[in-house]
Structure formats: C-alpha cells, structure tokens
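For reference, the structure discussed in these notes is given below.
Only the coordinates and a few stated rules stand behind these numbers; no lab work does. Keep in mind that what you see is a predicted model, and the values were worked out from it rather than measured. Neighbour counts are summed over all protein chains in view; Cβ atoms, including those assigned to glycine, are modelled from backbone coordinates with ideal geometry.
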Amino acid sequence: MADWMAFNVADYVANTLHLTTRQHGGYILLICAAWNGKGFLPGTDEGLRAIAKLSPREWKDDGPALKAFLTKRGEAWVHERVEFEWNDAQSLIAAKSRAGAAGGRAKWAGRAQGRAHAETRAQRLAAARAIGTHTAEEWIALVNICGGKCVACDSAAKVVKDHIKPIYQGGSDSIDNLQPLCSSCNSSKGPDATDRRPPDWRERLAECLADARQTAAPTPLPSPRPVTTTSSVANSAPHGASHTPRSQLIPDDFEPSEADLAALRKERPDLVGELYAQRMADFRDWCRATAARSFSPVSTWRGFMRKTKTGAVAGETWDQRRIRLIEEAIR
Ligand SMILES: [Zn+2]
C-alpha cells in the first residue's frame, strides 16, 4: 500500500472554505484514516468521531459538516476522492512496476517516489506468483473466452489483468484468479472480489489450450483479432488452420496510417489539431505506462481515440483531467 497520497491543495482549499479550524483538524484525520482504509471509514458516528479525535459534544457540532464529505456505501462510509486517489496510486505503482520489469522503458508521468512502491508491488506480485502463475497463452485465451472485452462493463477498450482476489489480500497470480477488466473498472473496483467470467470459462480454456498445443508453429494473426469461440475451437480440425491468438506490444512510436486516420475522422471530425496531438500523447503515455499489448494496435488506438471526451479541453493538465474524472465518477 502506498504511504503517500496525491493531495490536491487547490481542491482541498476550495472544498473546505466553510470549515472551522477544528473541523479542518478532524477532516484531515478522517482523510488519513480513509487512505489507510483504501477510501473506507467506519460506518458509525462513534467510529468517525474517534478518528476525528473530537469529544461527543464537539462531534455534535462538527460531525454533520465532516460527514458531508463522505458517502454511505453499505455499512461503511467512503471518502470517494480518497478512494479514487488510492486506486489511482495502485495503478501508477502497477504501471511503474510493469515499465520497470520491461527494462526501464520511458518513465510514467513523474511520481518520484514510485520506485519504492513499485518494489512493494513487485514483492506482492512475487508472493502472488509463489502461490500460482499463469502463461501468456492462458491469459490470451481467457481474454478471448471473455469476448475480448471488460467483463464488468463490456467496454471494448484495452483490458488489463484484474486479480479477482487482490494480491494485497493474498490472491494468486494464476489464471484461476484473473479476469479482464478495462482500466477504468479495474481502478474503481475497490474491495469487490466478484468473479465475472463466464461460468464455463475453465472448460473452454482447456479446449483452447489443447487446440493451441496441436498447432505446432503458431502463426502470426491477421488483424483485427479473431475471437476464438468454443464452437469454432470444437469444430476446427486438429491439423486445420487453427490459431493461437497472439497479442503484440504496441510500439512507443505507434502512428496510424492515413487511411486509419481518415476512418477515425469520419467518426470524430473534432479530433484535429491540438486536441488530436494531446490525445495521441495520452495514447503513447498509456501504452508505455501499461506496456499495452493488443491483437490489433490499430483497433486499440481507434477505440482509445474514440473515447476522447467531446468536452475535453485542449491544454487540460493531467491534474485537471483527474479532477474532472473524479467529479464525473461521483456524480
Ligand atoms: Zn469496464
């Protein structure tokens, strides 16, 4: 767990203009406790009051102003901004760890303290791998079995490996504990450990792998990616033209062809000039940060570009965008 937290001073000041100094004290203590709880706080007034170090009398006066920053979720109170930052920190840590493991490729937007935390993540991953590991083939087959998309929201955006039981809770790195989620669902899943894979994924995976083993030399696949379905696997002749799906690392300097760009602009004529340049820079950052792989880099690129928010302001800083995303998420 990260022991540092992104704290947006301007946001904090703007959101707390109405607080007294005593309330500020209580609020900061609640924020720190929420950080340690991945965004979660006790569900009772007594629990909150103890954290805020206020007397019952003081809590009576200050409690409502402090609780106004929190959202009730089930039994617990949640500080959604802290929850977002916590998850965001985990993504950054994971991204750094992946980037580091891939041989020190370009650095993810400056988080100077990331290295130590990447080590923590790497240690956790090592522990998870000691419990169980998976092969690239298993993962690719599983993604295909899940339709090549996020199992939580059906988004066709690039998926990432979600450890169903999080590795910080002792989850393993075996295929049993992995499911594809889009980055957005992955970073907002919190303590949810729901297995969203199709119920017959295990049988289908076994079939896919058996089929792949019968193909002596894996052939590179044409794009766009084929989705291997159970029936196509079952129906393909043992020595027929079956494929092992292969994803490839999206190159750092990915450039769409003129035709691809023209196709995109048919859908999104607004993606020109500075907005386009900024979005391309985002795409490359994201590829580097996540060591993104794809069956079809062009499709991945197109999906990413399509998701550019119409309201996105050219020149919006990383922080401004994060705030906008938080506000959208909370709304
Ligand atoms: Zn999703």
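Structure above, values below:
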| quantity | calculated |
| --- | --- |
| Net charge of Cβ neighbours under 11 Å - reference residue 34; Lys, Arg +1; Asp, Glu -1 | -1 |
| Highest to lowest packing among 141-151, 159-169, scored as the average C-beta count within 10 Å | 141-151, 159-169 |
| Given 149/307; 189/309; 158/266; 38/72; 149/189; 72/189, the pairs whose alpha carbons are separated by over 18 Å | 189/309; 158/266 |
| Packing-based exposure ordering (other Cβ within 10 Å, fewest first) of 174, 188 | 174, 188 |
| Inter-label distance, nm, simple model (7 Å from Cα along the C-beta direction), residue 14/residue 153 | 2.3 nm |
| DSSP-loop GluC sites (Glu not before Pro) across the range 30-99, with at most 11 other Cβ within 10 angstrom | 75 |
